[in-house]
Structure formats: C-alpha cells, structure tokens
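Below is one structure, written out as structure tokens; comments come after it.
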C-alpha cells in the first residue's frame, strides 16, 4: 500500500513539473517575441569634396578624317590586283591595274604621228627661213605638232588612270572586285580609311550653345573599350541649329595613335566647358528617388547609437558612379550607401564593417 502511495506522489510531481516547464517555455517565448528586432546593418559613405570640371554630355558617331571608296575613272578589265582586304597601304601604292594593251598600241601610233608632225614642222621652219614657204603653212605645221603632242599626253593620261593608286596612306577595307572583272566607270573597288586621326560628330540642345567653343577639350568613351577615355578638341561648330531637332552640330578632332577608334562607332561624349571647381559628391547608389524628389539617409550619432534621418537633396552632374550634391548635404555628413530597404526616419542602425571612407 505504501509503495502505491509513493508511486502516485512521484507521478503527480512529474505531471506538475511537466506543466510548469511547458508554461515557463511559453512565457519565455512570449517575452522573446516582444523584443524589438536588432537594428538593420547599413553601409555608409562620407560626403566627399572633389574637383570636377563643368561638362556637357552627348552621344556621337566616329567618322574618319580621310575616308573614301576607291573607284575607277575609266572603264576596263582588271589585269592585275596588288592588294588584299584589310591591308595597310602608303600614299601612291598600286591597288590594281586595268588592261591597257589597246591603249598602249594607240599610244605608239600617236607617238609616231607626233614624230612625223615634228619633222614637218622643222621642214616648214627651214623653208620659212629661206622664204620658200608661207607663214600660214608654217603655222599649220606648228598647230599639227601641238595637236599630236596633246594626243600623246591624253593617251598617256588614260593609261595612267588605269593604274589605281592609294591617294593617301591608310587601311583598306574588304575588296569588292576580282581579277579579270570588267569595271564600269565609277565602280566601287575597296574602301580606304586613314586611322591616325578621326573625328567625332555629335550635337547638343540649344540651351548648351553658349557654353561651346572651338578648342574645348572633348573626352569620349566607347562600348568597345569600356573604361578607356579618348581625348580631342572641338574643331568646328555649326553656325546654325538643325530645324528638325533644334540642336547644334559639333565636330571634334580626335587623336587615334593606337587606331582603336573606328568609323561608325557610337561614342559617349563629354565637353569640358569650365575649369575644375570644388563639388560635394556621394555614390549615386546612396540617392533614393520618390514622388517628392531625391533623398538620402543621413547617419547621425546619438549617444552610443546611430540613427538615420531622411534628407531631401538636389543633385547635379553624374560621373564614374558618383553624383554631385548641389543642396542638402555638407562635407561633414555621412550617408547610407547600402541597406536602405525598410529603413524609416529616426531608426537605429548598425554600421557595417565594410564601410566606405
């Protein structure tokens, strides 16, 4: 009987202990759930004071200073090809020759006629000296000699024009003709472009017209060479605006020593319109956009804590991942660069160990 009582007491104690443990766990969970979440972790960036020149930007196209499609002045059959596609040529290098067999034969006949005309003229000159001929006969002989000489010169010019040469040094494009092909006058043979210097053609809206001047420095970048900057100077500005777009056309002469800039490339263009000035900048990722404008979260020290305050700002130029702040911040401010999600004004934050200086 005593044994049963002891077992009953033990069972009751275990039951009470289980109930107490369950209740304690529930109370502890409730207390834990009421604790505020830890402050969000943010990356910060200091407002920096840097020297930026004032610029205006546009989109342009690269064109050659010297660029042509080589063609023939006289029709004929190609008898010799002296270049391959993509080859570099110097001024005067032979590109191709048209057949001149008939022209050469005609030239020989004209040279013979010139010699005969010269003999006749000399004979008339001797006769005139001895007063054995008239002045008119002498003049006719001179005219026939001049005509014969002109015919020889003309025929030599025809033969020379059938030798197509490079008018300037540069790189050839893809050849459009083959050996033995008959070419009509003005046929497109091959393109030739000088790559030592190029031009960039672009336009600006009317509001930028007063800032543009010949000789200003131009910096361009291309998709082909990301991160690489090419420099040049404004060579010419159109005297008037394009009526359709109300924009002003501008041309810049670009140095191209490595021949990286190629005809037809699109270019991001920046024209430096003033000397560098001190400006305040922050990473553009720090700027938030909403219906009320542009904002940043400024980090403030409050005792041992850090809180954020939403601040309206005005921005200016954008450059290399940074944006100019024209109003709303000072050089001593620190802003949230990463971690804006779900931030609210006055909220405590924890600063990341990977912060920017």
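The values are calculated or read from the model by the stated rules, or taken from the named source; none is laboratory data. On a predicted model such as this, the values are computed, not experimentally measured, just so you know. Cβ atoms come from the backbone with ideal geometry, glycine included; neighbour counts cover every protein chain shown.
Of the listed requirements (1) part of a strand (DSSP E or B); (2) more than 30 Å from residue 268 (Cα to Cα); (3) at pLDDT below 90, residue 317 misses just one: (2).
In the range 84-109, the residues that are farther than 18 Å from residue 182 by Cα and not assigned by TED's automatic domain parsing to the domain that holds residue 150 reach residues that are surrounded by fewer than 14 Cβ atoms within 10 Å (Cβ to Cβ) and modelled with pLDDT of 95 or more with C-beta atoms within less than 6 angstrom, at least six apart or across chains, in these pairs: 85/174. Applying the criterion of at least 1 residues that are in contact with a helix residue (DSSP H, G or I) (Cβ under 7 Å, 6 or more places away or on another chain), closer than 30 Å to residue 194 by Cβ and modelled with pLDDT under 95 to the strands (runs of 3 or more DSSP E) found wholly in the range 70-183 leaves an empty list.
Test residue 236 against the stated conditions and say whether it is out of contact with any strand residue (DSSP E or B) (no Cβ under 7 Å at 6 or more places or on another chain) and without any contact (Cβ under 8 Å) to a residue 60 or more places away in the chain. Considered against the rule, which asks whether it is out of contact with any strand residue (DSSP E or B) (no Cβ under 7 Å at 6 or more places or on another chain) and without any contact (Cβ under 8 Å) to a residue 60 or more places away in the chain, residue 236 comes out as no. All of (1) at pLDDT below 95; (2) under 24 Å from residue 198 (Cβ atoms) hold for residue 46 with one exception: (2). Here 280, 310 are screened, and the one residue that is under 17 Å from residue 341 (Cβ atoms) and assigned to a strand (DSSP E or B) is 310. Looking only at residues of the range 273-309 that are modelled with pLDDT under 90 and in contact with a helix residue (DSSP H, G or I) (Cβ under 9 Å, 6 or more places away or on another chain), we find that the one that is surrounded by the fewest Cβ atoms within 10 Å (Cβ to Cβ) is 274.
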